[in-house]
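My structure is below; once you've seen it, I'll send some questions.
The values are calculated or read from the model by the stated rules, or taken from the named source; none is laboratory data. Computed from a prediction, not measured in an experiment: that's the story for all the values here. Note: ideal-geometry Cβ built from the backbone for every residue, glycine included; neighbour counts use all protein chains shown. Side chains included, ligands, DNA and RNA excluded: accessible areas come from the protein's heavy atoms. Shrake-Rupley method; radii C 1.70, N 1.55, O 1.52, S 1.80 Å.
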Amino acid sequence: MPIYEKLISLVKTLGADVTITPKKGSVSIIRKKQFTLIKPATKTRIDLGLKLKDKPITNRLENSGPFGTMCTHRVKITTIEEIDEELKQWIEEAYKKAN
């Protein structure tokens, strides 16, 4: 899936200390702690879980929903264009907080 591949190539650029751990039904992105979770939601949508403590919820940066306590927020991604500068900044912020 192109969305998944684009997300993986993005997290690989964050640093050499990033570990990508496939699990049953999802993929954990870990530094010292998990900071991002990639989970296929439907055939056309990926849910991206982010650990961004104290970050306000917006229309796009939703409550973590089904991720529960593993993540603080969720972004629903249905097109590759949604992996934009704003999303990259959130992933980078989650990465920096996971040290």
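Using the Cα centre as the reference, give the magnitude of the dipole from point charges on the C-beta atoms of the range 53-99 (Lys, Arg: +1; Asp, Glu: -1; all else neutral), rounded to the nearest 20 debye.
About 280 debye.
Now a separate question. Hey, what does the equivalent ellipsoid look like for the range 1-46, semi-axes from the Cα gyration tensor as sqrt of 5 times each eigenvalue, largest first, whole Å?
19, 13, 7
Are any of the pairs Lys24/Lys55; Lys12/Lys33; Lys43/Lys97 more than 24 Å apart by Cα-Cα distance, and if so, which?
Among Lys24/Lys55; Lys12/Lys33; Lys43/Lys97, the Cα-Cα distance tops 24 Å for Lys24/Lys55; Lys43/Lys97.
Does a label point 7 Å from the Cα of Thr19, set along Cα-to-beta-carbon, have any residues of the range 32-54 with amide nitrogen under 12 Å, and which are they?
Correct set: 32-35.
Follow-up. Round to the nearest 10 and report in Å² the accessible area of Val27, as given by a 1.4 Å probe over the protein chains' heavy atoms.
Counting only protein heavy atoms, the figure is 20 Å².
In addition: Would you calculate a helix-derived [θ] at 222 nm for the chain, using -39,500 (n - 2.57) for each DSSP H run of n ≥ 4 and dividing by the full residue count, to the nearest 500?
-7500 deg cm²/dmol
List the equivalent ellipsoid semi-axes of the range 57-99 in whole Å, largest first, each obtained as the square root of 5λ for an eigenvalue λ of the Cα gyration tensor.
17, 15, 8
Next question, about the same structure. Using Cα positions and a limit of under 12 Å, work out the aspartates and glutamates in reach of Lys6, with same-chain residues fewer than 8 apart set aside.
Glu81, Glu82, Asp84
Just the accessible area per residue of the chain, please: how many Å² with a 1.4 Å probe?
On a per-residue basis, 58 Å².
Project the alpha carbons of the chain onto their principal axes and report the range along each, largest first, in whole Å.
Each principal axis gives a Cα extent; for the chain these are 32, 28, 27 Å.
Given a 1.4 Å probe and every protein chain left where it sits, what share in percent of the accessible area of the chain is carbon and sulfur?
That share works out to 54 percent.
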